[in-house]
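Shown next, in C-alpha cells, is the structure this report addresses.
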Amino acid sequence: MGEDTDTRKINHSFLRDHSYVTEADIISTVEFNHTGELLATGDKGGRVVIFQREPESKNAPHSQGEYDVYSTFQSHEPEFDYLKSLEIEEKINKIKWLPQQNAAHSLLSTNDKTIKLWKITERDKRPEGYNLKDEEGKLKDLSTVTSLQVPVLKPMDLMVEVSPRRIFANGHTYHINSISVNSDCETYMSADDLRINLWHLAITDRSFNIVDIKPANMEDLTEVITASEFHPHHCNLFVYSSSKGSLRLCDMRAAALCDKHSKLFEEPEDPSNRSFFSEIISSVSDVKFSHSGRYMLTRDYLTVKVWDLNMEARPIETYQVHDYLRSKLCSLYENDCIFDKFECAWNGSDSVIMTGAYNNFFRMFDRNTKRDVTLEASRESSKPRAVLKPRRVCVGGKRRRDDISVDSLDFTKKILHTAWHPAENIIAIAATNNLYIFQDKVNSEMH
C-alpha cells in the first residue's frame, strides 16, 4: 500500500460545476449500505442522493460495476422553532442504513432536530385490467360491466419510490451530531451535545434517555458529547466521545441511565506539548468501532488513534494526519478551521484506516506495514481510469518537483466526510460539493 505500489484508479466521480457552488450543494455525510451496493450522500440543502452500483457487464464479467444515481429526494426542509426563535437548518448531519429485511431498503437521516426513517422500494410492473376502474383509474359505471376479468401485472419502466415511514421528533434540545443503529435491528440511538437517547424503530412519540451529562448549572459545563456509536455485535455496548478527548464505553445492562461508564479511554497529556490550543485539538470529532468489534478508531484535529477495548490507558496506535499544521494552529484558530470535524473510516478487514485533510487531500494508513500515503481528490484525477499519484507536503528545506508547500495549502478545500465499502477496496470521498469514488485497480483486498 506504499507510495510505490499505490495504483488506485477512479471508478467514477460525480462533479458539479465549481463556478455555481451554492451552500446547499455541499455534501455533509456519506454512507455505504451493509452490502456496499448502495451509497447515500446528504447535503446542506436537505437532499439525499442514493447511488447504486451497476451489475457487472456480461462482455467483461470481471469488470467492476460503476455507481450511478439511483434516487434523489428531499429529506428535510428548513424549519423555525417559534418558542426559541431559532431557525432549524435542513442540512443532513448523518445517514445510517438499516440492515435489509426484504426487497426494500431503509435508512435513517437526521438534521439538527428531527430523525426520519425512509423506505426505498422498486416498481417495475403495474396492474392492468381492473373490472371496476378504467385505464385512467376512474371508477366505471357498474351498468357497463358485463364480464369479469382477472387483472394482470404488465412490465413498466423501473420506478424507485421513496416514502417516509416514521418521523422521530422532539427528542433533542441540542443539535444532533450522530445516530447509530443497534445490532438488534430494533433500536437506534441519537446523540446531541449533552444527551444520548435510545429509540425503538417502531415508536416515534417517545425515546429513552441513556446518557445525560448536562450539569445543574450550565456554567459548570466542561465538555460536550461529539460522537457516539453502538458496538457492531453486542447490543448492550456503546461508546461516546467528548470534546476533552476521552472515550466512554457504556453497558446498558449495568444501569438504565449510563452516566457511569464501564470504561474510560483517555491518553494522558504530555506537559511539554501543552499550549493554548491543546484542548481544542484533542477534541474527538469521530469514533468508529472496527468491524471485528475489538478496536475503536478516533479522529482528533491532528491525529487518528486506534484503541483496544481491553486497554484504557493509551491508544495502541497513533498516526499523524498533518503534523505540519502544528506550527499553523494560530492562523487556523483565527479562520475557524481548527474547529473542523474530520471523520475516519476502516477498510473491510480493519487493516487500513482512512481520514481526510486539507487541500482535498486524504490520508491512508496501513496498520500492518505502518506505511502511509497522501492522495488527492481533484478534477485532474477525476478522469476514468486515472491513477492517483501520492502527494507530499513539505515544511521547509529541499522540495521535490511535485511537492506542495505547507504555505500554499488551500484550507477551504477540505475532506471531512469519507466512507469505505464494507467488503471491497472502494472508497467514497466528499470534497465540498463533489463526490469522488475511487477503486483499487489491482487488489480486491488491500494488504
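Can you pick out the pairs among K288/K341; K328/K370; K91/K383; K113/K413 whose Cα atoms lie more than 21 Å from each other? Beyond 21 Å: K328/K370; K91/K383; K113/K413. Measuring r between the beta carbons of D25 and D68 and using R0 = 25 Å, the FRET efficiency lands at 0.85. Name the most mobile residue of T355, T29, T146, meaning the one with the largest mean-square fluctuation, in a Gaussian network model of the chain with Cα contacts below 10 Å. Largest GNM mean-square fluctuation: T146. Here is the size of the range 290-447 from its Cα atoms: Rg then Dmax, 15.8, 46 Å. Computed 3J(HN,Hα) for the range 69-85, one whole-Hz value per residue from the Karplus formula 6.51 cos²θ - 1.76 cosθ + 1.60 where θ = phi - 60°, is 4, 9, 7, 10, 8, 8, 8, 10, 10, x, 10, 9, 8, 6, 5, 9, 6, glycine and proline marked x. Put simply, the amide H of T226, placed in the peptide plane, has neighbours under 5 Å in S241, S242, S243, leaving out anything fewer than 5 places away on its chain. Cysteines in the chain lacking any other cysteine Cβ under 4.7 Å from their own Cβ: C185, C235, C330, C337, C344, C394. Mind giving me the FRET efficiency for S405 and D340? R0 is 22 Å, r the Cβ-Cβ distance, nearest 0.05 is fine. Given R0 = 22 Å and the Cβ-Cβ separation, E is 0.60. For the range 105-110, putting each phi into the Karplus relation 6.51 cos²θ - 1.76 cosθ + 1.60 with θ = phi - 60° gives couplings of 10, 9, 9, 9, 10, 9 Hz, in residue order, rounded to whole numbers and with x for Gly and Pro. Checking the a/c ratio against 1.5 first, then a/b against b/c, what shape does the Cα gyration tensor give for the range 192-245? Cα axes put the range 192-245 in the oblate bin. The H on the amide N of V321, modeled in the peptide plane, is under 5 Å from the matching H of T303, V304, each at least 5 residues off or on a different chain. Send over a whole-number figure in Å² for the accessible area per residue of the chain, probe 1.4 Å. That works out to 51 Å² for each residue.
Taking 0.36 nm per residue of sequence separation and removing the Cα-Cα distance, the Y324/H200 pair yields an extension gain of 40.1 nm. Evaluating 6.51 cos²θ - 1.76 cosθ + 1.60 at θ = phi - 60° for every residue in the range 255-272, the Karplus couplings come out as 7, 5, 9, 8, 5, 9, 6, 7, 9, 10, 9, 8, 9, x, 7, 7, x, 6 Hz, glycine and proline recorded as x.
In this structure, V145 and Q101 have a Cβ-Cβ separation that, at R0 = 45 Å, corresponds to a calculated FRET efficiency of about 0.70. If a paramagnetic tag sat 7 Å from the Cα of C185 along the Cα-Cβ line, which residues of the range 221-255 would have the backbone N under 20 Å from that point? In the range 221-255, the label zone of C185 (backbone N under 20 Å from the point 7 Å along Cα→Cβ) covers 230-237. For the chain, the carbon plus sulfur part of the accessible surface works out to 50%, probe radius 1.4 Å. Helical content alone sets the calculated 222 nm signal of the chain at -500 deg cm²/dmol, taking -39,500 (n - 2.57) per DSSP H segment of four or more residues and averaging over every residue.
Note on F411: accessible area is roughly 40 Å² with a 1.4 Å probe, heavy atoms of protein only.
The values are calculated or read from the model by the stated rules, or taken from the named source; none is laboratory data. Fair warning: this is a prediction, and the values are worked out from it, not measured in the lab. Here Cβ is always computed from backbone atoms with ideal geometry, including for glycine, and neighbour counts include all displayed protein chains. SASA here: full protein model, heavy atoms, side chains in, ligands and nucleic acids out. Shrake-Rupley method; radii C 1.70, N 1.55, O 1.52, S 1.80 Å.
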